[in-house]
Every structure is written in structure tokens, then in C-alpha cells.
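Quick notes on the structure that follows.
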Amino acid sequence: ATPPPAIAMAGGGEPCLRIDTSVPISTTNTAGGTGSEAVAKPTTMNERGSMTVERASERSTQVYNERDLEGLNPGQHKDFYWVNVEPGRETQAIPPEEVVDHYGVPEHVVLDKIAEERSEEEAVKSLPFALLLVILYALMNLSHDSQGAIRSVEEAIEFDITENANFAFSTGEGGIEYIGHKHYKDVNSYGDFWSWMNKGMSALYFPSDYPVSEGSPLNLGPLTDDEKSFYLWHNKKIGPMRLKKERLPYAECLNEEMREAFDLTCYETGQLDLSLDPVDFDVARLQFDEGLSETSWIEPATWQEQLRAMETARWLNNQTYRLQVSFLAYNGPKDIFVQTNVHFLFSRSGRIWKTITHRSFVLEPYSEWEAYLWDILFFTHITIIFVTELVEVFREFWRAKFKCRDFIHEYFGFWNVIDWLSILMAYAQLGVWFTRYSHVKTLERHVQEFPTSILGCGDDGCKHRLYDQLYDDVHIAGSWMREQNLIGAFYPVMIVLRLFKAFQSQPRLALVSKTLYNSSGDLAHFGIVFLSAFFSFVLVFMAIFGREMTDFAQFDRAVMTLVRAFLGDFDYDTMDQMNRASAFFFILIFEVTMFLIMLNMLVAIVMDVYADTKGHLTRGETLWDECYEIAERFYMNKLGKRMPFNDLVAKYIKARGPGAWKSKKVITVTEFVDLVPGLEEKQAREILVGACQDWGEAHNVPVQMRDVLGVASMTAEFAGQVNAKFGALVPTPKGASGFRNSQV
């Protein structure tokens, strides 16, 4: 480095400070290491001076450390803290190659660079395995449950009941009933139900004659017993039709005075709130209280007499809570066993809610060899992950010297927890699947034995026990199927999180997750404001439209309705019909506040953080570039022209010790090669240049005004001390009242 010229006094005269260039002084870094270039440095001005150049440098270093490498100090480069430059050149760019050749690179920067490269390489290598886990899981589920086939059978049955199980027929000439105008959804009284059962459901399920075209004089005769045993031509009927009802126990009325005045009878509300229409999911999961239930089996030969007797006995009455019409069938072409339930739920408000649900199973999920293959591959993959994590646990426990607290602190990070959750949920799903499979096979065995067992029964009690056994088998298998579906619904979330783990070390792939992480604080505060405003609107709409519209009658319904309105899907016409002024005003306020303002603020928060996160990417290699680099490294390693990262780090740590990870000692290419036997100079230089480049890009922040003011303040303080020591020795210029700082 060229020594700076002597600092001369303003107005001429001898210089007040000289540079001693006879003795080279090595560049000093913050860790106390020395660089390879000898540069001139001002000598001490006065042995008794209170602020020498060396002390100023020490103070500069101290301030730098206190500010955690964020400040700018005289003579210290703003990007590379270990590089000392001439005053005034602190902000000038220095190529990484020049830094490596003239100053070197600190050990911790080099090792961090190697660790980052290793982490990215491992992440890219693990990405195919993470994607493979997604593919295998999808193939495994698709091979077990043929969702399309199951839905086709269920939809065919539901469509037939809705369209063809009719009542309220029109009568033509000769008293012939041509067409029914109502179906099960139109059952609104006890009489409607018995009409639907006699004219619609039972007539459809228990046909007697071969069907002919409308108005045809043909008579094709009665159906054979084998033809009668099929429903919709391909579904084999298993057992009779079941009618099961549940009644409500008596309870105290809410207003005892009114009860006494009108001699009222009150009942409990039941397991499910029927004030408004219940959802199919809740209805399907609703269990019968056997102590309050009654079952009737409708046989094909006597169904008319049975229904007439039940209607006469007022089998349905005010105490009835719900009624379920069920039948079992097996579809041979698709190997699907299905239980169909037509539900009638009697609310205490007087309305009857109606819906149809199904429970369906593929009796042999391993009919194709691919099903075995996908299961084996998926759980082999999970087992490999389990063994890998187990080895890592033992390794970390060994490093922690068997201290549980240290082990937990070092090992249980977010991503390791996700790994273990994915493993545990996978094995839990395996256990639930085999339990479900065993119950389905039990159902299959009982169905196969059913014809023979029925023939061996001598009374109705024996038959009814066999019927109950089949429905119990369906109920148990269906319960385990729901458990498996619940785990199967959450497991893809674990898989996605594992993908994010694989994305984390690749800059381009990690951009989304880092954006969400960096914006989490702003999003949390925004969420408080957003939810406060949103729930306020929920209460407003419930107060205005709650009594007129079902969508706003309950809090959960109002929340979901406004979520849909927030996305542009709302029933404005109905609200307009109920209260035009209120609908216009509050919908306008809601859309402007929540959609135009809040939603755009949300997008602005995320996009602002996204742009900032993208701007701070120190390495912008694409996934394809990294794959090429990994392939090239692998090829060079095989040729012996390059040392693998693991071997390089192991040799370096062996030579320098574990403290090298935090050491700020500056090393050069030559020192790096000497410390790592077998390391080529070309590879060593590439690593040091890459480390220096990444460090410079990561710490290349613009010079702030506070940095400029800090340097000016230290310069003024130093100049003042020079003035105090040398002012009496230097001639005072004419017209000046003393030695001024500006002259220094």
C-alpha cells in the first residue's frame, strides 16, 4: 500500500505529522491476526499523548465489535471487517479476488461457506426423496380406495331414491297412477312419510313385476327370486330393509308456568342441534342411543302389512327424535359393499330435516399387485427416515455427553420435530389401516356366511341377530375408516412441511418460506386489526339479517357467509329483499373496508417483505445450476481432482481444532493448502473467493448517515487532541486566534 503523504499545516510550514516508512507494520484485524501485505501506519505522535493512532485503531475495533459488524470506522472497509484501507477508501468496492490475494479470509467465514455449501448440497439431494414421499403416499391411497368407483355406486343409489322413490301420484284413466310429484325431501309430516314408504321407497326396493313402458298393455310377468334380490341390476341386496328410530326422553320445560297453563309435554333436545339444517357429516356420525331406540326389519314378502301395522300403531309420534331407513348392498363388478341411510330428523320446531348418507368399503383393497408395491415402498421410505433420525439422535446425544438438557437444546429444532411427527403419523396410519382392514375382512366373512346362516335360523330372533351383526360390522369398520381419513387428511400437511425443509437451503426455493417467516410479525399485527374489524361486521350482519336469513342465524354460519362475501360470493338479492337500505349500506362498507383496503394491505405487506427478502439473496443460483454443480463436484471427486467437503472440514478441524468455527484468524490460499493435506490450490482459491464474495454480498449495506456522523465525530475528537498537544509548537497564521481543527 502506498503510504499517505505527510499532513502539512495550512498556510505552509513543517508538517505536524510524519510517516515512518522505514519499518513496515502488518495489517491488524479484529481477531489479532496478520495479513500477508505490509502497509505503512502512522507512528505514535507523542509517547505521552492521550490518543495515539494505534489507540484510535483499537478504539475503532472496539466500537466495531460492539456494533456487531454494522458500523463504519476509519480505515476499516465497510464490507470486509478484516481489511484495513486508507482513510477515505472505506466504502470503495474491492473485488473478492483482491481481498483473497492481498488480505486473506477469516477462518469462520471460510468454514461457514463450506457448511453452507454442504447444507445446500444435502438439501438438493434430499429434494427427490421428499417428492418421492408425496408420490408414494398418493399412489398408496389411490390403490386402496377407489374413490371414483365408490362415488359412482353411491351416486347411482342416491339418484334413484331421489328421482324414483316418489309419492303423490297423478291418476289417469282406470285409476292408473302415472307419475309421482314428490320425493323424500317433500316428507313434512308423519302421513307423508308413510306415503313415501308405501308408494315410493318400498315399492322401489321390493319390486314384484317386470317393468314395462308407460301405457303398455304388456304383462311380462313377475320377477324371479334371483331378480328380486338385486337393486339397480348390479347391487346384490344383503338382508331386509331396516327402520330404526330414536325417541327423546321427557324433560322439564323452559317455562314451567306456561307448561302448567297449557298442560304441555317437553322433551330433551337430543345429541344434535336441529334448530337449523344439520350437515351430512354430523348426521352420519350420529350414534343411536340403544336404550331409546327401536328397530323394525321390513321383509320383502310382508312389507305392505308391516308398514300398515306400524302406521296404525302410530310408530311415529311427537316423541320421535330421528328415523333412519337403511339397506345393505354389494356391487360385484366394483367389489364395493355399501350401506345406504335415508335420515329423517324431527326438530322441536316442527320441521323434518332429510338427507342421505352412505358407508362404503372396497372389500379387497389388495386385488392388484400394485397395492402391495406402493405400501411396501412408502413404509420402506418412512423406515429409512426413521433410522436416519434415530442415528442422528444417538449422534447428538453423544456430542452432548449424555446430558439431556444439552441434547434437547441442540436437537429439538422445528424441522426435527416435523420429521418425527411425519414418522409417527405414518406409523399411526399404518396401524389404523391394518385395524380397518381386519374389520372389513370380518364383515366380508360374515357377508359370505350370511345366506347359509339365514337358512339355519328357525325363528325371527335368530335372523334379527344376524342382521344386527352385519350392521354392527359396518359401524365398526366405518368408525376406523373415519379415523384413517382424519389422519390421512392431516398427513399431507406434514409432507408439505418436509418439502419446505428441503427447500430451506436452496435460495430460490426458500424464498416463499423465508417471506412468510419474515412477514410473520407484521401479519400477526395485521391479523389483530383484521379480525377485530371482521368479527365486528359478523355481529352487525347477525343483528340485521339473523332472523330473516339462515346464513346469519348462527355465529359460525355468519362467519362463513362473510368469508364467502369477502371473496365476492354472497346472496345480495336476498339481503336486498329483506332490507334494501341496510343491505346496500353495510355491504358497501364491508366490501370497501375488508376487500379493497384490508386485502390490498395484506398483499402489500407480503409483497414488500418478498421484495426485501429477494433483494437480500446472497446467492441466486437456480435449482438447475445447483444440480449441475453437484454433478460436477461428484465427477471431480471420483477423478480425485477435488476433495469432498466432509473430508476437507475434517482435516481442517483436526489441524486447527473446533475453535476454528468461531475463529477470526485470517488465512491465505497458501495457509489453507498447508493446513489441509491433499487440497489443490485451485479448489482452495475457489472456496476462499466464494466465501469472500458471499460475505461481501451479505454485508454490503449502504453507508448510513449515522456512520458518516460517527466517523466525523471521531475525526473531530482526534483533531482536537492534536491541537491540544501541538498548538503551542506551531506558528499561528496571521489573523488566526489559534491552531484550528480545520487546519489539522
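Observations on the model:
- Scaling against 2.2 N^0.38 Å puts the C-alpha radius of gyration of segment 227-370 at 1.32.
- Taking the empirical scaling 2.2 N^0.38 Å for compact globular proteins as reference, segment 455-573 has a Cα radius of gyration ratio of 1.88.
- Cβ-defined net charge surrounding residue 483, 15 Å radius [Lys, Arg +1; Asp, Glu -1]: +3
- Cleavage-rule hits, GluC sites (Glu not before Pro), segment 194-281, DSSP coil, Cβ neighbours within 10 Å at most 12: 214, 252
- With all pairs of separate Cα atoms included, segment 521-588 yields a Kirkwood hydrodynamic radius of 12.4 Å.
- Kyte-Doolittle mean at least 0.5 and Cα axial length at least 30 Å: DSSP H helices in the chain: 369-399, 520-545
- Local electrostatic count, residue 494, Cβ distance below 13 Å [Lys/Arg +1, Asp/Glu -1]: +1
- Residue-averaged [θ]222 nm for the chain, counting only DSSP H segments that reach four residues, each worth -39500 (n - 2.57): -17500 deg cm²/dmol
- Amide H to amide H distances under 5 Å link residue 667 with 105, 107, where only residues 5 or more positions off or on other chains count and H is placed in the peptide plane.
- Relative compactness, segment 116-262, computed as alpha-carbon Rg over 2.2 N^0.38 Å: 1.89
- Percent of Cα pairs exceeding the 19 Å cut-off, where the set is segment 594-661: 65 percent
- Normalised contact order of the chain, rounded percent, pairs of Cα under 8 Å and 6 or more residues apart: 18 percent
- Distant-in-sequence amide H partners of residue 238 (H built 1.01 Å from N, under 5 Å): 328, 329, 330
- Near residue 146, no amide H atom lies under 5 Å from its own; only residues 5 or more places off or on other chains count, and H is placed 1.01 Å from N.
- Top positive-direction residue, dipole computed over the chain with Cβ charges, set 693, 324, 220: 693
- The alpha carbons of the chain give a radius of gyration and a Dmax of 41.5, 138 Å, in that order.
- Charge dipole of segment 588-658 (Cα centre as origin; +1 on each Lys and Arg Cβ, -1 on each Asp and Glu Cβ, all else neutral): 800 debye, rounded to the nearest 20.
- Segment residue 576-residue 224, length gained on full extension (0.36 nm per residue, minus Cα span): 120.8 nm
- In segment 331-411, inverting the average of 1/r over every pair of distinct C-alpha atoms gives 18.5 Å as the Kirkwood radius.
- Within the chain, longest stretch free of exposed chymotrypsin sites (Phe, Trp or Tyr not before Pro) [DSSP loop, at most 15 other beta carbons within 10 Å]: 413-744
- Straight Cα distances below 21 angstrom link residue 638 to the lysines 125, 651, 682, with same-chain residues fewer than 8 positions distant left out.
- Prolate is the label for segment 369-461, because a/c, from the alpha-carbon gyration tensor with a ≥ b ≥ c as root eigenvalues, is 1.5 or above and a/b exceeds b/c.
- Taking a straight Cα-Cα cut-off under 25 Å and skipping sequence neighbours fewer than 8 places away in the same chain, the lysines within cross-link reach of residue 78 are 41, 113, 614, 662, 664, 665.
- Spatially proximal lysines relative to residue 182 (Cα-Cα < 26 Å; intrachain offsets below 8 disregarded): 199, 228, 237, 244, 245, 354
- Segment 511-627 - Rg (one decimal) and Dmax (whole number), Cα, Å: 19.5, 63
Only the coordinates and a few stated rules stand behind these numbers; no lab work does. Keep in mind it's a predicted model, so treat the numbers as computed, not measured. Methodologically, a virtual Cβ is constructed for each residue, glycine included, from the backbone with ideal geometry; neighbour enumeration extends over all protein chains shown.
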